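Worksheet for the structure shown next.
No lab work stands behind these numbers, since they all come straight from the coordinates. Fair warning: this is a prediction, and the values are worked out from it, not measured in the lab. Cβ: placed from backbone, ideal geometry, glycine included. Neighbour counts: every protein chain shown.
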Amino acid sequence: MPEVRRLTLDSRCSAPGRGIVAIGDAGVRILLADEQSLFREAVKVVLGNEDDLEVVAEARDGVQAVSEAERVRPDVALIDAGLPNCDGVSATALIRERVPECRILVLAGEEDHRTLIDALEAGASGYLTKECPLGELIEAARAVHRGEILIPPRMLGPLLRGLISRRRDQDEALRKMSRLTRREREVLALLAEGADNDGIAQTLVISPQTARTHIQNVLGKLGVHSRLEAAAFVRQNDILEDLVGSAT
Amino acid sequence: MTLSVRQGRPARRPEVWLRQAGDENAVYTPSSGEVFLMNETALAIWHLCDGATSPKEMVEAVCEVSNMHPDIVEEDVARILSDFDRAGLIEWKE
């Protein structure tokens, strides 16, 4: 019989109760946003059975979710990823911007890595699929209110790998960008904003021929073949701010 | 940021195999006949042991996801990598 040992990364990274935020007597005030009224009713009943949870507002689409969040300023918002009329991820970003104290749990129909990353980037504190048991949803609402970040365990590995890959791409992009002169960075920033040769020449007060020369140099140093590719390079690597900052 | 683990990039030993059944993740080492059970977070780090990813990159990614203090994440990642190392599950690439 082989020896069995347990290896866990859970001493603190996944310990419950981290970053506990005191819950007032009124409990956790929840906004529930889902297109399906039956789903909203069911979840509302289940959450209502918990002493410390209370659904204070409902919304059937993204626009309504944002306006209700501004009106009632809930502690937690449960937002369906596929909301009509402003999807759940966009609604998450708007709520985080307008009601920053509200923690958001995005609910998705199925595990989708793109939606998970988008939701986290939009400011969500957690992501659950609707396949989860109701008990898990209840605990998740409490956990995000305490300040925890919730990610389905099975999605964690691919998520970390994706983040590392993206960071490497950004490092490589910054390395390529460091080869550009200040003037070439200005040209690249204008290219990324959609400027043509004449526009670049006018903005930088140089001749169109000089602008063309700078563009050719930029394309060569970035290893791309067209100005469209150069603009995509900036957008994909999210370096426009770095570009503008370093050019000024 | 300094990690209290070996320098280099950890790589899963090729002879070690993983079996996933339901919520259980079991790693078996034929040489010693040992079986190790991993939780999902340990498994996520295990999958990152590809010989190309550094512990620093692992820490940065976990920090980005969890918003936790880098010192805490660093210590936890270092601990699990040390556990993997002591168990003979990984080797280190330069």
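Using C-alpha positions alone, give me the convex hull volume of the range A:169-247 per residue in cubic angstrom.
74
Indicate the gyration tensor shape class of the range B:36-77 (rounded, prolate or oblate), computed on the Cα atoms with a ≥ b ≥ c the square roots of the eigenvalues: a/c under 1.5 is rounded; otherwise a/b larger than b/c is prolate and the rest oblate.
It is oblate, given that a/c is not under 1.5 and a/b is not larger than b/c.
Give me the inter-chain shielding for B:32-40: mean count of other chain Cβ atoms within 10 Å, whole number please.
Counting other chains' Cβ atoms within 10 Å and averaging over B:32-40 gives 5.
In whole Hz, what ³J(HN,Hα) sequence does the range A:53-62 give by Karplus (6.51, -1.76, 1.60; θ = phi - 60°), x for Gly and Pro?
Working through the residues one at a time gives 10, 8, 7, 9, 7, 10, 8, 9, 8, x Hz.
Which shape class applies to the protein assembly as shown: rounded if a/c is under 1.5, otherwise prolate when a/b exceeds b/c and oblate if not, where a ≥ b ≥ c are the square roots of the Cα gyration tensor eigenvalues?
Because a/c hits 1.5 or more and a/b fails to exceed b/c, the protein assembly as shown counts as oblate.
How far is helix B:70-86 tilted off the main Cα axis of chain B, in degrees rounded to 10, range 0 to 90?
For B:70-86 against chain B, the angle is about 20 degrees.
Of A:30, B:90, how do they rank once you tally other Cβ atoms within 10 Å and put the fewest first?
B:90, A:30
What is the set of long-range amide H partners of residue A:150 at a cut-off below 5 Å, with H atoms built 1.01 Å from backbone N?
When sequence neighbours closer than 5 places are left aside, the close amide H contacts are A:126, A:127.
Fewest first, what order do B:17, B:46 take by the number of other Cβ atoms within 10 Å?
In order of increasing Cβ crowding within 10 Å: B:17, B:46.
With an 8 Å Cα cut-off and a minimum separation of 6 or more residues, compute the relative contact order for chain A in percent.
Relative contact order for chain A comes out at 14 percent.
Restricting to DSSP H runs of at least four residues, report the calculated mean residue ellipticity at 222 nm for chain B, -39500 (n - 2.57) per run over all residues, nearest 500 deg cm²/dmol.
-12500 deg cm²/dmol
Gaussian network model of chain A, Cα springs within a sub-10 Å range: biggest mean-square fluctuation belongs to which of A:147, A:123, A:223?
Looking only at A:147, A:123, A:223, the biggest GNM fluctuation is shown by A:223.
In what order do A:239, A:79 fall by count of nearby beta-carbon atoms within 10 Å, going from fewest to most?
A:239, A:79
Just name one of A:79, B:84, A:197: the one whose Cα is farthest towards the positive end of the charge dipole of the protein assembly as shown (beta-carbon charges, Lys/Arg +1, Asp/Glu -1).
Farthest towards the positive end: A:197.
Which net charge results for the neighbourhood of residue A:196, defined as the other residues with beta-carbon distances under 12 angstrom from its beta-carbon, given Lys and Arg at +1 and Asp and Glu at -1?
Taking every other residue near residue A:196 into account, the sum is 0.
Go ahead and set up a Gaussian network model of chain B, Cα springs under 10 Å, then flag whichever of B:11, B:21, B:61 fluctuates most.
Evaluated over chain B, the most mobile residue of the options is B:21.
Can you tell me how much longer the chain between residue A:175 and residue A:42 gets when fully stretched, taken as 0.36 nm per residue apart minus their C-alpha distance, in nm with one decimal?
Taking 0.36 nm per residue and subtracting the Cα distance, the gain is 42.6 nm.
State to the nearest 20 debye the size of the charge dipole of chain A about its Cα centre, where the only charges are +1 on K and R beta carbons and -1 on D and E beta carbons.
1280
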